[in-house]
Structures are given as C-alpha cells and as structure tokens.
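> Supplied in structure tokens, the structure appears directly below.
What follows is calculated from the coordinates using simple rules that are stated; it is not laboratory data. Note that the coordinates shown come from a computational prediction; the quantities given were computed from them, not determined experimentally. Please note: Cβ atoms are built from the backbone with ideal geometry, for glycine as well, and neighbour counts cover all protein chains shown.
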Amino acid sequence: LKLGLTTMLKRTAKPEPQFTLVPYDCHVVGLDTPGIVCEMANFFSAQAINIVALATDNYAAPHTSAPMVRLLMTINIPKEIHIADLREQFLMFCDDLNLDAIMEPAKGP
C-alpha cells in the first residue's frame, strides 16, 4: 500500500542548556552620597548578576534633614549561584558603605 509519505532524518545538536534565573528584590537605604548607584551596579556586575529594574528616591531624614537615598532593585540571580553566600556578601558590602539593606525573593508584579 503506497501512502505518499516522505520520511527524512536529520542529525541535530543537543540544545544549549538554559540556565534558570531567580528574581530577588534588594532594598537599600542610607545617606545620599555620590556613586551609590554605581557601587551597587559594580557589585552585581562583578558577580555576573543583572539588575533588571532600579528605582531611586531621595528624601530628608526626619530629625536631622540629612539627605537620604532609597534604592529598590530587582536582580536576576543565576541558579548556580549560592544565594545565601551572595546575600551575606551583599549585606557586608552594604554595611561597609554604611547602608541598610535587605535582599529577599521577588514578590512578583
């Protein structure tokens, strides 16, 4: 019985593995000094982590009127990075700059 079907075989390469990204939110507050945003970007860049969203806000401290800055960042952490170690490094980095920081899983849109 002839069905009129043509069969073709083609050897293909294995697909490139896709690494999974884990979104995290970082909240940073401190005295507004030049270069803070650059310092944050350099920290994450050195870890091969992308900042996918960044918002800043300036305000005066309640009692002293000192200029303050608040940074809200969403980062994508490659799954192969140990998050607890990264969090510890980030918090120590911020502490060295006299900044208060929190790094937590992103809550979504």
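> Strictly greater than 24 Å: what percent of every Cα pair in the range 20-109 meets that?
Roughly 18 percent, rounded to a whole number.
> Ranked from highest to lowest mean number of other Cβ atoms within 10 Å per residue, what is the order of the peptides 38-44, 84-90, 61-67?
Highest to lowest by the protection proxy: 38-44, 84-90, 61-67.
> Could I ask something else about it? Taking K and R as +1 and D and E as -1, what net charge do the other residues with C-beta under 13 Å from the C-beta of Ala53 add up to? Provide the component values of the computation, followed by the final result.
On the way: positive: Lys107; negative: Asp25.
So the environment of Ala53 carries a net charge of 0.
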